[in-house]
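Heads up: the structure comes next, in C-alpha cells.
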Amino acid sequence: MTHSPFSHNGHAIRAIRQAKGLTVTELSRRVGITPQSLSNIELEHRPGSAHTLNRIALHLGISLAAICRDKIATESAQVFDAAQV
C-alpha cells in the first residue's frame with residue numbers, strides 16, 4: 001500500500017458518513033463509485049485516489065483535510081519520534 005496522507009483515512013470517512021446518517025450505498029452512489037469501493041476505502045483495504053477522496057469529502061460537506069487530518073498528525077508524530085532515537 002502506498003504511504004500517503006490519502007491512504008489511511010477510512011475510519012474518519014466512516015465516522016463522518018455515519019454521523020450524517022448516510023449508508024455506504026447512498027454515499028457511493030453520490031460519489032460515483034461502487035459500494036464495495038467505498039467499503040474498501042473505509043476499511044483501509046485500498047487507498048482512495050485524491051479525486052475520489054475529494055468527491056467523498058464534497059458529498060460529506062467537509063474538506064479533504066478534515067478526512068486526512070488525524071493520519072497526517074499521526075505520521076508526523078511518528079517521524080518526529082523516529083528522528084529522536
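A few comments on the model shown:
- Per-region count, the stretch 37-49, residues of a type outside the set (Val, Ile, Thr), under 10 Å from the mean Cα position of the chain (by Cα) and in a helix (DSSP H, G or I): 2
- Qualifying residue in the stretch 18-36 (condition: in contact (Cβ under 8 Å) with a residue 40 or more places away in the chain, open to solvent by 30 Å² or more (accessible area, probe 1.4 Å) and touching a Gly at 6+ places or on another chain (Cβ under 9 Å)): yes
- Counting only residues that are at pLDDT below 95 and at positive phi, the stretch 18-57 holds 1 of them.
- For the stretch 37-46, residues that are open to solvent by 70 Å² or more (accessible area, probe 1.4 Å) and either in contact with a Pro (Cβ under 9 Å, 6 or more places away or on another chain) or over 18 Å from ALA15 (Cβ atoms) (or both) total 1.
- ALA15 falls short on exactly one of the conditions (1) in a helix (DSSP H, G or I); (2) at pLDDT below 90; (3) among the hydrophobic types (A, V, I, L, M, F, W, C); (4) out of contact with any helix residue (DSSP H, G or I) (no Cβ under 7 Å at 6 or more places or on another chain), and that condition is (2).
- Residue list for the stretch 50-62, restricted to those being touching a residue at least 40 places away in the same chain (Cβ under 8 Å) and either part of a helix (DSSP H, G or I) or touching an Asp or Glu at 6+ places or on another chain (Cβ under 7 Å) (or both): ALA50, LEU53, ILE56, LEU60
The values are calculated or read from the model by the stated rules, or taken from the named source; none is laboratory data. Because the structure is predicted, anything quoted here is derived from the model rather than measured. Heads up, the Cβs are rebuilt from the backbone with ideal geometry, glycines too, and the neighbour counts pull from every protein chain shown. What goes into the accessible areas is simple: the full protein's heavy atoms, side chains included, and nothing from ligands, DNA or RNA. Shrake-Rupley method; radii C 1.70, N 1.55, O 1.52, S 1.80 Å.
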